[in-house]
Amino acid sequence: MTILITGGTGTIGSQVLASLNGQGADLRALTRTPEKAKLPTGVRPVRGDLSDIDAVRTALEGVSTLFLLVPNVADELTQAMLTLNAAREAGVKGVVYLSVFNGEIYADVPHFVGKHTVERMIAACDLPATVLRPSYFIQNDMQQKDVLLAHGAYGAPVGGRGISMVDTRDIGEAAAKELLRRERSETPLPRETYDLVGPDCLTGKAIVAIWGEALGRTIHYGGDDLEVLEQRVRAFAPAWMAYDLKLMFRRYQQDGAMADGAKIARLTTLLGHPPRSYRDFAADMAQQWSAV
């Protein structure tokens, strides 16, 4: 009885493994470089990545439950669908798939559409899966440190409609709970879907107010210029990815990504506590940055 974690060395996968630690599960983590992977004690690294179907098949041998996180790559959809088919053929009894919040609505954002297509496959094939739909990660804003501290500005063009950003620790906890529930069941369980969201309506104006309070200074909003965003992302990422992210932020500005009370309440029940707030994140970061 073994759980395979994909993306185990990344931001979300590491949170999933941390939440699974000490729960008595036999854990494997798929990684390109097992010899370099920094994993919790007891987690066995397995060589491979989702673009190599032969490696995926080997990694799935003896696996009963799968956490499927597919990176934002050009062939994300292909990797996800091939892995799910291989898992089905390997007799995996449970899957937890990391999708995205509002994937069914943002029809012009490539990585949202790809994840929603995977959800359609899960439903059409009646796979025993939990679909987790996280909103924009709160921890993405750790990248704002330099501009916040040096220039008193917040640079992500989130707009004025509002986003229910989610803490990555809540994602890790939710995934771990569903993995263990499916792993411990003697038979495959019905499909479930959870929206992973935060409790706040986070607009550009709201976020700079939170950072101003946390840092004890006036913080300015950098504005909604998406051309600037695209060029900035192109400095460290492929052009297609920069454009994809530009399209995502355009929809955030036009439509927002707000969760209603029912979604927040359902996530609270799953976690066993309310989802973490952006204000707490900002306070924690301000304290850490001041200690350096």
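The values are calculated or read from the model by the stated rules, or taken from the named source; none is laboratory data. What you are looking at is a predicted structure, and each value in this text was computed from that prediction instead of being measured. All Cβ positions, glycine included, derive from the backbone under ideal geometry; neighbour counts span all protein chains shown. Heads up: the accessible areas ignore ligands, DNA and RNA and are worked out on the full protein's heavy atoms, side chains in. Shrake-Rupley method; radii C 1.70, N 1.55, O 1.52, S 1.80 Å.
Below are the figures for this structure:
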{"item": "Filtered residues of the range 140-170 (kept if over 19 Å from Asn102 (Cβ atoms) and open to solvent by 10 Å² or more (accessible area, probe 1.4 Å))", "result": "Met142, Gln143, Gln144, Lys145, Asp146, Val147, Leu149, Ala150, His151, Ala153, Gly155, Arg169"}
{"item": "Matching option when the condition is out of contact with any Pro (no Cβ under 9 Å at 6 or more places or on another chain) and surrounded by fewer than 17 Cβ atoms within 10 Å (Cβ to Cβ), among Ala175, Ala124", "result": "Ala124"}
{"item": "Residues being of a type in the set (A, V, I, L, M), touching a Gly at 6+ places or on another chain (Cβ under 8 Å) and either open to solvent by 50 Å² or more (accessible area, probe 1.4 Å) or in a loop (DSSP other than H, G, I, E, B) (or both) - total across the range 39-69", "result": "3"}
{"item": "Matching residues, the range 18-38, being out of contact with any Leu (no Cβ under 7 Å at 6 or more places or on another chain) and either part of a loop (DSSP other than H, G, I, E, B) or open to solvent by less than 50 Å² (accessible area, probe 1.4 Å) (or both)", "result": "Ser19, Asn21, Gly22, Gly24, Thr31, Arg32, Thr33, Pro34, Glu35, Lys36, Ala37, Lys38"}
{"item": "Complete set of residues in the range 187-223 that are in a loop (DSSP other than H, G, I, E, B) and more than 30 Å from Val118 (Cα to Cα)", "result": "Gly216, Arg217, Thr218, Ile219, Gly222, Gly223"}
{"item": "Residue list for the range 186-221, filter: modelled with pLDDT under 95 and of a type in the set (Val, Ile, Thr)", "result": "Thr187"}
{"item": "Odd one out for Gly198, checked against (1) open to solvent by 10 Å² or more (accessible area, probe 1.4 Å); (2) under 30 Å from Gly272 (Cβ atoms); (3) of a type in the set (Gly, Ala, Ser)", "result": "(1)"}
{"item": "Matching residues, the range 106-133, being of a type outside the set (Ser, Thr, Tyr) and assigned to a strand (DSSP E or B)", "result": "Ala129, Val131, Leu132, Arg133"}
